[in-house]
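Structure, as C-alpha cells:
The values are calculated or read from the model by the stated rules, or taken from the named source; none is laboratory data. Computed from a predicted model, the values in this text were never measured in an experiment. Counting neighbours? That spans all protein chains shown, and the Cβs are built from the backbone with ideal geometry, glycine included. SASA here: full protein model, heavy atoms, side chains in, ligands and nucleic acids out. Shrake-Rupley method; radii C 1.70, N 1.55, O 1.52, S 1.80 Å.
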Amino acid sequence: MKYQKEIMLKDARRCLMKSAAPKDARISIDHRIQTAGETEYLACYPDEIRVTEAEESFRLKEMEDSSRAVTIFAYIDGKMAASGRINPVNNLEKYRHRAEMAISIKKPYWNLGIGSALVGVLMEQAKEAGYEQIELDVASDNVRAISLYEKMGFCTYGIHKSAMRCRDGKAKDLILMACLLKEKSNDSEMEEKNAFFSKHEEKQKENRNSVSHPS
C-alpha cells in the first residue's frame with residue numbers, strides 16, 4: 001500500500017506522512033534501534049535488532065506491493081520522527097477481517113500530536129484495505145499510550161499477565177486493545193461487539209488500577 005499526506009502539528013510545524021519504500025531500509029533500521037533505546041515499552045532492546053539492510057528492504061518492498069499492509073513514516077523538517085504499520089493478524093480466510101497495528105515515535109518528537117495523527121492515518125488505511133477491526137497490545141504502565149488509543153476509539157478486552165520481562169527483572173503486563181471499524185460491520189453485529197468490548201473495558205480498567213507500576 002502507498003500513502004502520502006502532509007499535516008500540521010501542535011507546534012505549527014508540517015509533518016509529512018509517507019509510506020515506506022525499499023530505499024528507506026537504513027533509516028528504518030536506525031529508527032527501530034533508536035526508539036528501542038529510548039523506552040522499555042517496545043518489544044526488543046537495541047542490540048536485538050540484527051536485521052540487515054537487504055532484509056529490511058525486502059520487507060518494505062513486500063509491504064509496498066501489498067494491498068493489506070503498510071508501513072508509514074512521519075517526517076519533520078526532512079527527518080524521520082515516527083513509524084507506524086498495519087498488517088494482517090493472519091492471512092488465513094477466517095482472520096482476514098483483523099489487522100494488527102504498532103507505532104513508535106522518537107523521544108524528541110513526543111507530545112507533538114504525531115501519535116494521534118499516525119494512528120488516525122493507519123485506521124483509515126485499514127478501512128481502505130477492507131479490515132473490520134484493528135488490534136494492538138500495550139504495556140499496562142504506558143499510561144500515555146493507553147490514553148491515546150482510548151481517545152482514538154480502542155477498547156480494552158483483556159490483560160496478558162507478565163507478558164514481558166525486562167532485563168532488570170521486572171515483569172510488565174500487556175493490555176490487549178481493539179478498535180472496530182464501524183463501516184465494515186452490520187448494525188446488529190456492531191452492537192454485539194461494542195457491548196462485549198465495553199463490558200471488558202470496564203473490568204480491565206478496574207484490574208489496571210490494582211496493578212503496581214514501577215517508578
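With all protein chains present and a 1.4 Å probe, how do 9, 176 order by accessible area, largest first?
Ranked list, largest accessible area first: 176, 9.
Along its principal axes, what span do the Cα atoms of the stretch 115-159 show, with the longest given first and each in whole Å?
32, 22, 13
Label residue 45 and residue 161 with points 7 Å out from Cα along Cα→Cβ: what is the distance between them in nm?
Here the modelled spin labels are 2.7 nm apart.
Between residue 143 and residue 26, how high is the FRET efficiency from 1/(1 + (r/R0)^6) when r is the Cβ-Cβ distance and R₀ = 30 Å? Nearest 0.05. Each step should come with its number before you reach the end.
Working: r = 33 Å, r/R0 = 1.10.
The formula returns an efficiency of 0.35 here.
Over the heavy atoms of residue 52, what accessible area does a 1.4 Å probe trace out, to the nearest 10 Å²?
Spelled out: residue 52, probe radius 1.4 Å, area about 70 Å².
Would you mind working out the accessible area per residue for the stretch 63-145, using a 1.4 Å probe, and quoting it in Å²? It would help to have the intermediate numbers written out before the result.
Details: 3540 Å² over 83 residues.
Here the per-residue accessible area is 43 Å².
Restricting to Cα pairs below 8 Å that are 6+ residues apart, what does the relative contact order work out to for the stretch 1-129? Please round to a whole percent. Can you show the working numbers first?
Numbers: 211 pairs, mean separation 31.4, N = 129.
About 24 percent, as a whole number.
Rounded, prolate or oblate, given the Cα gyration tensor of the stretch 13-166, with a/c below 1.5 counting as rounded? Walk me through the numbers on the way to the answer.
Values: a/c = 1.25, a/b = 1.06, b/c = 1.17.
Rounded, because the longest to shortest axis ratio a/c is under 1.5.
Given contacts defined as C-alpha pairs under 8 Å and at least six residues apart, what's the relative contact order of the stretch 19-93, whole-number percent? Don't skip to the answer; put the middle values down first.
Values: 86 pairs, mean separation 23.5, N = 75.
Worked out over the stretch 19-93, it gives 31 percent.
Sketch the reach of a paramagnetic label on residue 10 as a point 7 Å from Cα along Cα-to-Cβ, and name the residues of the stretch 103-142 whose backbone nitrogen lies under 18 Å away.
It comes to 104-121, 142, nothing else.
Residue by residue through the stretch 54-59, which ³J(HN,Hα) values in whole Hz follow from phi under the Karplus form 6.51 cos²θ - 1.76 cosθ + 1.60 (θ = phi - 60°), with glycine and proline marked x?
Along the stretch 54-59, the couplings run 5, 5, 5, 4, 5, 4 Hz.
Mind listing the Cα extents of the stretch 1-101 along all three principal axes, in Å, largest one first?
So the three principal-axis extents are 44, 33, 27 Å.
Round to a whole number: what % of the accessible area of the stretch 69-177 belongs to carbon and sulfur, probe 1.4 Å? The partial results should precede the final answer.
Working: 2260 of 4860 Å².
Carbon plus sulfur share of accessible area: 46 percent.
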